[in-house]
Amino acid sequence: MKFRLIILSAALSLLPLASTAKDPVIHIVPQPERIELQKGTFKAAGASINCDAAFDTRSRAAVQDFAARLSIASGKVSSFAVPVGIAASAEAGSIRGFVFIRDASLGDEEYRIEIGSKAAKVYASEYNGVLYAVTTLKQMLPEAVYGGALADDADWHLPCAVISDKPRFAYRGMHLDCSRHFFSVDVVKRYLDIMAVYKLNRLHWHLSDDQGWRIEIKRYPELTLIGGYRSGTMIGRDFNSDDGIRYGGYYTQDQIREVVAYAEKLGITIVPEIDLPGHMLAALSAYPWLGCSGGPYEAWHKWGVADKVLCAGKETTYEFLENVLTEVAELFPGEYIHIGGDECPKTEWEKCPDCQAKIEELGLKDDDRFSAEQYLQCYVTACMQDFLATLGKKIIGWDEILEGKLAEGATVMSWRGVQGGIEAASLGFDAIMTPTSHCYFDYMQSRDTDNEPVGIGGFLPLDKVYGFEPLEGMPEGAGKHILGVQANLWTEYIATEEHLQYMLLPRMLALSEVQWCLPENKDFEAFKTKLAEHELKVLETMGYNYRKLD
Ligand code: ACM
Ligand code: ZN
């Protein structure tokens, strides 16, 4: 039996027994809100799987998919059925096996599982709740359920228990930089797959930057045909080197739609990022009229912050951005589009007659806090926010968008520490916490860097990620504006899928408990036990590369 009865006799004499994170009897990551262990077991192998007709089509399909996976791995057929009157039958105890029942009183991402010796009743209201219930059940079963191979000698019993669960935060994000290095659709799908196992629900997809433009825009084909490629890349950490090898790639709009649909099926919404007005050198290389000087420009070979940015003085820049964002908005059905806003040097704007004329026209002035050029960036942000609102979209921006003036309705992503998030929330803006201190997965996982793959530096071990408390230091009443937490994976030094997964795992599992669990349900020692005893085997079964525990 996979679950561990730590003190069996004590457990049996104290039923029902509330299990907390301190007592990792059942290995589930992220730790559910409440687990009550009860006496007895339920035989999952060969159990029929019954699903309420009241669920929508995709929820029923997810349950059917669970039946198929369980059948393949256990070697015993779990039949799938959608019987009428399922709730009454479950109530009367006249139905056996897994019974998925729609309970509209539960939240969208909430679920409850009541495992008895004859029936395992699963309640949810909406798709994500169904997915998370299935995910939890799979974590309680042998890891073979994640693979495609038969493991009929494994123990397919579940402990009788009641599990009530819902997330702490609505936004549970993971970011992926596909500009510095380009990752194929298959790599992105596998990234999404593992996010789904740990109940993350947002992929922040960084699709443009100085080193490469990665999303096909029909109106501006050269964004990808030219801006999607650079003619060389610095080697390792040597900023004076260049390999001279053409590098690049991009996603066609059909591929973008394919990834969006794939993510949706996993309960994940994609937040696309078009970083502006800085981090735009690749776009400038394709359309030099976008820059202040008119170029020529070239997609960057180095890492860092390029000082050539979009010209904020020319009307053609705003037209370009609106046309690009229109296509982006059509491709991504989620409510948010990330418009970047980070690290935009103002050196070009200070010299540019068009930018200076715009500053004059708008009556922008230096003050004791910010320069007129900084207020010009605020103007760009506001224009994009207003435009996207006409398309029914809201903006997210990096915390630099707080500098100067920010219009109501923007969401701030706090990356330079937590202060931006605290300030945003105090001012009534929604915010997402993704501080470098706890959420930058490009940072090293050991101080022994000689034995780690080359990287950007920093130090972010598993326990530090796990220890992040997103509401620490938050003034009274402001916490409700913290939508959630995200970790970022910038890929300057990460060129392969193997390395990407190594940086992601297992830190993303620690992140999932930060995102999902109430602080009182977190326990690092218990988490490590869950990893050692089960989760790392799940990663292996699914074929992921991960960093071994210290
Ligand atoms: C960032 O890391 N520049 C948001
Ligand atoms: Zn300019």
Filter segment 136-182 down to the residues that are surrounded by fewer than 20 Cβ atoms within 10 Å (Cβ to Cβ) and of a type in the set (Val, Ile, Thr) and list them by number. 162
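Collect the residues in segment 366-379 that are charged (D, E, K, R), away from ligand 2 (no atom under 12 Å from the Cβ) and surrounded by 12 or more Cβ atoms within 10 Å (Cβ to Cβ), keeping them in residue-number order.
366
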Single unsatisfied condition, residue 382 versus (1) out of contact with any strand residue (DSSP E or B) (no Cβ under 9 Å at 6 or more places or on another chain); (2) within 13 Å of ligand 1 (Cβ to nearest atom); (3) of a type outside the set (D, E, K, R): (2)
Could you check segment 422-443 and list, in sequence order, the residues that are more than 16 Å from ligand 1 (Cβ to nearest atom) and of a type in the set (A, V, I, L, M, F, W, C)? 422, 425, 427, 429
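Could you tell me whether segment 353-365 includes any residue that is over 34 Å from the mean Cα position of the chain (by Cα), part of a loop (DSSP other than H, G, I, E, B) and near ligand 2 (Cβ under 9 Å from one of its atoms)? Lay out the reasoning, then the answer.
Step one: list which residues in segment 353-365 are over 34 Å from the mean Cα position of the chain (by Cα), which gives 353-365.
Subset that is part of a loop (DSSP other than H, G, I, E, B): 363-365.
Those still in the list that are near ligand 2 (Cβ under 9 Å from one of its atoms) too: none.
For segment 353-365, residues over 34 Å from the mean Cα position of the chain (by Cα), part of a loop (DSSP other than H, G, I, E, B) and near ligand 2 (Cβ under 9 Å from one of its atoms): absent.
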Determine if segment 352-363 includes at least one residue that is crowded, with 19+ Cβ neighbours inside 10 Å and within 16 Å of ligand 1 (Cβ to nearest atom). no
Any idea which of 483, 462, 471 is more than 23 Å from residue 179 (Cβ to Cβ), of a type in the set (A, V, I, L, M, F, W, C), away from ligand 1 (no atom under 16 Å from the Cβ) and without any contact (Cβ under 8 Å) to a residue 60 or more places away in the chain? 471
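So, in segment 329-347, exactly how many residues are within 16 Å of ligand 2 (Cβ to nearest atom) and buried (at least 21 other Cβ atoms within 10 Å of the Cβ)?
Narrowing segment 329-347 to residues within 16 Å of ligand 2 (Cβ to nearest atom): 344-347.
Keeping just the survivors that are buried (at least 21 other Cβ atoms within 10 Å of the Cβ) gives 344.
The number of residues fulfilling the criteria is 1.
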Quickly run through segment 106-141 and pick out the residues that are among the polar types (S, T, N, Q) and either in a helix (DSSP H, G or I) or more than 27 Å from the chain's Cα centre (by Cα) (or both). 117, 128, 135, 136, 139
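Determine whether residue 49 is on the phi < 0 side of the Ramachandran plot, of a type outside the set (Phe, Trp, Tyr) and out of contact with any Cys (no Cβ under 7 Å at 6 or more places or on another chain).
On the way: on the phi < 0 side of the Ramachandran plot: yes; of a type outside the set (Phe, Trp, Tyr): yes; out of contact with any Cys (no Cβ under 7 Å at 6 or more places or on another chain): yes.
Yes, satisfied.
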List every residue pair whose Cβ atoms sit under 8 Å apart, with the two residues 6 or more apart in sequence or on different chains, where the first one lies in segment 91-105 and is on the phi > 0 side of the Ramachandran plot and touching a residue at least 40 places away in the same chain (Cβ under 8 Å) and the second, anywhere, is among the hydroxyl-bearing types (Ser, Thr, Tyr) and not in a strand (DSSP E or B). 97/48; 97/78
Could you check how many residues of segment 442-479 are closer than 28 Å to residue 427 by Cβ and touching a Lys or Arg at 6+ places or on another chain (Cβ under 8 Å)? 1
Among what's in segment 262-292 and is touching a helix residue (DSSP H, G or I) at 6+ places or on another chain (Cβ under 7 Å) and among the small types (Gly, Ala, Ser), pick the residue that is farthest from ligand 2 (Cβ to nearest atom). 267
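A short reminder: the numbers here are calculations on the coordinates, not readings from a lab. Computed from a predicted model, the values in this text were never measured in an experiment. Neighbour counts run over all protein chains shown; Cβ positions are idealised from the backbone, glycine included.
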